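Heads up: the structure comes next, in structure tokens.
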Amino acid sequence: MCGMEKIATDTYSFERIREGGFVYVDKTAILKTLADGSFGTQFFVARPRRFGKSLAISTFQCLFQGRRELFKGLAIEPEWDWSRTYPVLKLDMGSCQAASARDLWRKIDTLLESESRRLKIPLHGEDASARFRFMIEDLAAANPEGKMVLLVDEYDKPLLGHIGKEDVNDIRDALKEFYSVIKTCEGYQRFAFITGVSKFSEVSIFSDLNNLNEFSMDARVALLFGYTHEEVKANFPESLAALGEKLGLDAEATFAKLVQWYDGYRFEENAAPVFN
């Protein structure tokens, strides 16, 4: 058991996984498909919980910050232009679950204040939407190309707890107003990536952001989140062997049990199934 792979189960930080010697299943070739601008610059991908959405956000952050040392040995490392870096604004909306729309605006303000300290830029503007807009503009202005990167994790988390409640429209309208800034400031964004567990068609991020590329069921990124059968076998052989020993099964039968227990998800009609 002491020789088993070091598996990160409590972190979604790409930096910590790479520096801590944890197993990282290399998804960077697929990340490059989105990040290099070949298919657009603004993307949305929906996935269920525990599929690595936050890890992808963290990986994009390190990529656009030019942290090449973290990508040594990965598929993207020799293919990426590391001389071009961008300021990254990362909003984890999972921290903005709120009891009311007023409370939501307070939490968004707190999130923006935290990011302003991390990025060492001042906040200005009469409300959260204006401060969001100015942050994007100021970050872009500080870059030689006049561009910045925007990453939004769990965009729908503030809304999920209010589905079926009387105040759901208030929360929806607040998010509409806030997310509308993303389109207003499209010209300042080198790259934007937004994730959540669902797609709410009436929220502005989809009804107004018609420039957003929805890649949730696109073959090009179907394997970006989750592990294929081959990736599990290749990256976790010691863990599979330990499980087989515990179950009294050989390797093939052990893996068949995993498939039986957890089946697999398929995010495009012809794509390989993946485990979360």
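Assorted remarks:
- Only residues that are at pLDDT 95 or above, part of a loop (DSSP other than H, G, I, E, B) and in contact with a helix residue (DSSP H, G or I) (Cβ under 7 Å, 6 or more places away or on another chain) were counted across segment 81-99, and they come to 4.
- Of everything listed in (1) free of Cβ contacts under 8 Å to residues at least 60 places away in the same chain; (2) closer than 16 Å to residue 53 by Cβ, the single unmet condition for residue 223 is (1).
- Among residues of segment 1-58 being aromatic (Phe, Trp, Tyr) and part of a loop (DSSP other than H, G, I, E, B), the one that is farthest from residue 182 (Cα to Cα) is 22.
- Among (1) over 22 Å from residue 224 (Cα atoms); (2) of a type in the set (Val, Ile, Thr); (3) under 21 Å from the mean Cα position of the chain (by Cα), the one test that residue 149 misses: (1)
- Residues that are of a type in the set (A, V, I, L, M, F, W, C), touching an Asp or Glu at 6+ places or on another chain (Cβ under 9 Å) and open to solvent by less than 10 Å² (accessible area, probe 1.4 Å) were ranked within segment 26-55; the one that is farthest from residue 94 (Cα to Cα) is 43.
The values are calculated or read from the model by the stated rules, or taken from the named source; none is laboratory data. As the structure is a prediction and not an experimental result, all values here were calculated from the model. Because the Cβ atoms are built from the backbone with ideal geometry, glycine has one as well, and the counts that use them run over all protein chains shown. SASA here: full protein model, heavy atoms, side chains in, ligands and nucleic acids out. Shrake-Rupley method; radii C 1.70, N 1.55, O 1.52, S 1.80 Å.
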